[in-house]
Amino acid sequence: MKAAAAARKSRREEAIAAWRLRIVVFALFVAVWELSARRMENLLIPTFTEMVGGFVRLVFVTGRVWEPLLISNQALVLGYLLSVVMGIPLGLAAGRSRWINRLMNPYIGLVLAVPVAPLIPILITALGLGLASRVVLVVLFAFIFITVNTRAGVRNVDPSLIEMAQSFGANEGQIWRKIVIPGAVPAIFAGLRIGLGRAIAGMVIVELLLVATGVGRLLLEFAGRLQADLVFATVFAIIVEAVVLVTAMQVVERKVAPWAHDVALG
Amino acid sequence: MAGATAEVLKVRRVSRPRALWRPLRENAIEGLALLGGVLLWEACGWLLPLPWLPPFSHVVAALAQFIESGVIGANVAVSLQGLAIGFGFSLVVGLTVGALMGRYRRVEQALDVYVYAMLLSPSMVFAPIFFAIFGLSDMARIAVIVMYALFVIIINTSTGVRTVDPALVEMARSFGAGERQLFLRILLPASLPLVFAGIRLGMGRAVKGMINGEMFIALVGLGALAQKYGSQFEASKVFAIALVVLIVALFANWIVQIIEQRLTRWAD
């Protein structure tokens, strides 16, 4: 009893020490940034306070970041949903059927290895400079990770469970609903999280490289006008969005499948 | 003993032709699937009047022309140079920081938030910053490669070192191993599989960072070439460049795999 309480107390002390360390390191980081930026007096490197000022202006005062973010996120939401709708069934099929898997395998390898960015002009020739191109690009970035993880999850389902269900007279539909899909859920969620990160990357890349719109265009505009504080602030806003979205996904993942762990990594 | 080895050698020599055929036969379906895809592409290229889908043979012809004129060779060399520097830097820094984070809890607590955030955020957003700071110099595209490759190496190395069986560490300690020996003899070899997983992922990301960064800066390398022909909408040339980048990616991956096999041979 006493030992447990002591252990809990020391764990709490440990957590406090960890946060104290994190705060000290952050303060150090800010101080070094601020001082070196001031000493350099480079037009292209803002001080930390300038960046924070820019962020506050963009997000709260002028709100200039919201409309571009909304435009960018349209492609993200549509593309990500499409990726999920495509990626999970493909992964399920490849995981359950050896033949489908062997037919798909070289293409999965190809899509994983092929660089997407140089193909953006092809996409634009095919679909124009509008939303459709950006959506397809997000899909190209994201769906393969969902497929690969889903496949790995299905493959990891213990085959003796399936055999047992079959010997008790379960049909294919029941095997899917009762055994295969529940068994694959943790890996599917890992794939959804990794795919989300890739989708955000795709959203940013297409806007920076070819279709100047959304937050990508905002970044290029600020960079072109040498407003370094706003460039850094926009980058920071994008990082915040990515971290918040993926972390939220991770929280859901832990709720749904607390025993989960990554099967394949992006 | 010597006779047995000779026996093994003989068997191996005899079976070599078959060993060459076996992967072909075992992967027949995969091969047919790929071949079917190429034929379908070729047919669609001829039958459908789509400007963005040239027949595959045109892509191959464009590639041959590139190679012949030496355009590709020069640009591949520039790209690979950036890749080597950027990835080399990521490797040295990533392994060092990752090992420290895995070994010392305080280091991990100090840095984990930043590494996690950088791993999750789209690396490409830093391209405009690097472009603004470094201009058209090679530093800009190398910095983009580092942003792509570094953090996945750090995360995997620190996880690998942290999850080394504590019994191994204790045993080494009780036999009087110092910190240096502990690192080189126990922690490094035991964490190697995870570390190499990180290096492999890092290499894949480095190649992406290479091409994306070069496309953004649009001055040198394969990315600049892709951007140039992309803006002229020359589809077969764009596909040909993508093919070259794919080959570069596979080649880089192959090198990492060879080194990994050399170093982790003890594991089997």
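The values are calculated or read from the model by the stated rules, or taken from the named source; none is laboratory data. Just so it is clear, the model here is predicted, and its values are computed rather than measured. Quick reminder, even Gly has a Cβ in these numbers, built from the backbone with ideal geometry, and neighbours come from all protein chains shown.
So that you can scan it fast, the table gives a plain yes or no per residue for (1) outside the structural domain of B:F196 (by TED's automatic domain parsing); (2) more than 20 Å from the chain's Cα centre (by Cα):
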{"site": "B:A33", "(1), (2)": "yes, yes"}
{"site": "B:E42", "(1), (2)": "yes, yes"}
{"site": "B:E68", "(1), (2)": "no, yes"}
{"site": "B:N75", "(1), (2)": "no, no"}
{"site": "B:G88", "(1), (2)": "no, no"}
{"site": "B:L95", "(1), (2)": "no, no"}
{"site": "B:G98", "(1), (2)": "no, no"}
{"site": "B:R103", "(1), (2)": "no, yes"}
{"site": "B:A110", "(1), (2)": "no, yes"}
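Restricting B:A127, B:A117, B:A143 to those that are crowded, with 24+ Cβ neighbours inside 10 Å and part of a helix (DSSP H, G or I) reduces the list to B:A127.
Just the residues that are of a type in the set (V, I, T) and either assigned to a helix (DSSP H, G or I) or in contact with a Pro (Cβ under 8 Å, 6 or more places away or on another chain) (or both), please, taken from segment A:150-170. Scanning segment A:150-170 gives A:T150, A:V154, A:I162. Every condition in (1) surrounded by fewer than 23 Cβ atoms within 10 Å (Cβ to Cβ); (2) within 12 Å of another protein chain (Cβ to nearest Cβ); (3) among the β-branched types (V, I, T) holds for A:V185 except the one numbered (2).
The single residue among B:F251, B:F233 that is surrounded by fewer than 24 Cβ atoms within 10 Å (Cβ to Cβ) and not in a helix (DSSP H, G or I) turns out to be B:F233. Note on segment A:137-178: residues that are touching a residue at least 12 places away in the same chain (Cβ under 8 Å) and not hydrophobic (A, V, I, L, M, F, W, C) amount to 9.
Taking segment B:206-217 as the range and being surrounded by fewer than 24 Cβ atoms within 10 Å (Cβ to Cβ) and within 9 Å of another protein chain (Cβ to nearest Cβ) as the test, only B:K208 passes. Would you be able to tell me the number of residues in segment B:96-112 that are buried (at least 16 other Cβ atoms within 10 Å of the Cβ), more than 23 Å from A:G197 (Cβ to Cβ) and away from every other protein chain (no Cβ under 14 Å)? Residues that pass the stated criteria total 2. Just checking, does segment B:142-150 include any residue being at pLDDT below 95 and either assigned by TED's automatic domain parsing to the domain that holds B:L222 or among the acidic types (D, E) (or both)? Scanning segment B:142-150 turns up no residue that is at pLDDT below 95 and either assigned by TED's automatic domain parsing to the domain that holds B:L222 or among the acidic types (D, E) (or both). Filtering B:V115, B:V144, B:V152, B:V93 for residues that are away from every other protein chain (no Cβ under 13 Å) and touching a residue at least 12 places away in the same chain (Cβ under 8 Å) leaves a single hit, B:V93.
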